[in-house]
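Input: a single structure, listed below in structure tokens.
None of the figures in this text is laboratory data; all of them are computed from the coordinates on show. Just so you know, these numbers come straight off a predicted model, no measurement behind them. Positions of Cβ are generated from backbone atoms using ideal geometry, with glycine treated the same way; all protein chains shown enter the neighbour counts.
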Amino acid sequence: MNWDIVIMSFSLFNCFTVPLKVTFNPPGMNNLLFDSCNYIIDFFFFIDILISFRSVVYDDKGEEISGGCKMASEYLKTTFLIDSLATIPFDLFVPSQNEIEIFGILKLGRILRLSKIIRYLRTTNDVKASLRIFKMVLFLSVYLHCYTCLWWQIVKNTKKWIPPMDSAIVGIDYSIYDSQFLK
């Protein structure tokens with residue numbers, strides 16, 4: 001349980017920093033300290049992959065699957081591919097390629113572990129209900145953060161702030177605002 005909480009903390013960090021880095025690439029995120037922090041987190045995710053091969057899983061009936069080969073095959077069937085792609089530091093192999101940095105978005109999938117943590121937490125149903133509400137608010141925040149970063153990326157690439165359809169309906173020429181905004 002403690003290990004899952006550490007991984008969840010790192011996942012939360014990634015949920016907010018990865019979309020910012022992919023979309024804005026701010027200078028503060030291009031330094032040795034930030035890169036070192038990301039490599040340490042990737043190392044912990046790699047250790048988590050190794051641990052996941054030996055972690056007990058539960059089937060649909062709620063019974064434990066504890067055989068070594070069974071545990072490994074269950075992990076291979078579920079999230080191994082996404083976890084391994086999210087853990088590989090592609091920026092070490094191909095630096096400054098924005099397309100490669102998009103693989104970092106796969107790290108956001110690790111936050112789904114929160115559902116498993118809440119499900120198997122040994123506490124009252126009231127506490128679990130409160131944690132589910134917290135999870136919903138957290139997922140909504142992460143979704144909105146990713147959505148707005150994606151929206152900004154689209155606006156930046158198309159170089160249009162307001163779609164032409166809106167300016168025709170209102171009858172106002174917004175092109176001067178578009179050019180001022182994107183400077």
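A simple rule links phi to the HN-Hα coupling: the Karplus curve 6.51 cos²θ - 1.76 cosθ + 1.60 with θ = phi - 60°, which for segment 67-84 gives x, x, 5, 5, 5, 5, 5, 5, 5, 4, 6, 9, 10, 4, 4, 5, 4, 5 Hz, with x for Gly and Pro. Extension gain, T124 to E64: 0.36 nm times the residue separation minus the Cα-Cα distance gives 19.5 nm.
Each residue of segment 112-122 is assigned a 3J(HN,Hα), and the resulting list reads 5, 5, 4, 4, 5, 4, 5, 4, 9, 5, 8 Hz, derived from the Karplus form 6.51 cos²θ - 1.76 cosθ + 1.60 (θ = phi - 60°), x at Gly and Pro. DSSP loop chymotrypsin sites (Phe, Trp or Tyr not before Pro) in segment 6-108 with at most 15 other Cβ atoms within 10 Å of their Cβ, which ones? Sites meeting the loop and neighbour criteria: F24.
One decimal place: the segment I5-A72 gains 21.9 nm when fully extended, by the rule 0.36 nm per residue minus the C-alpha distance. Amide H contacts of I65: V57, Y58, D59, each under 5 Å away and 5 or more positions distant or on a separate chain (H built 1.01 Å from N in the peptide plane; Pro and chain starts excluded). 3J(HN,Hα) along segment 37-49: 4, 5, 5, 5, 5, 4, 5, 5, 5, 5, 4, 5, 4 Hz, from the Karplus curve 6.51 cos²θ - 1.76 cosθ + 1.60 with θ = phi - 60°, whole Hz, x for Gly and Pro.
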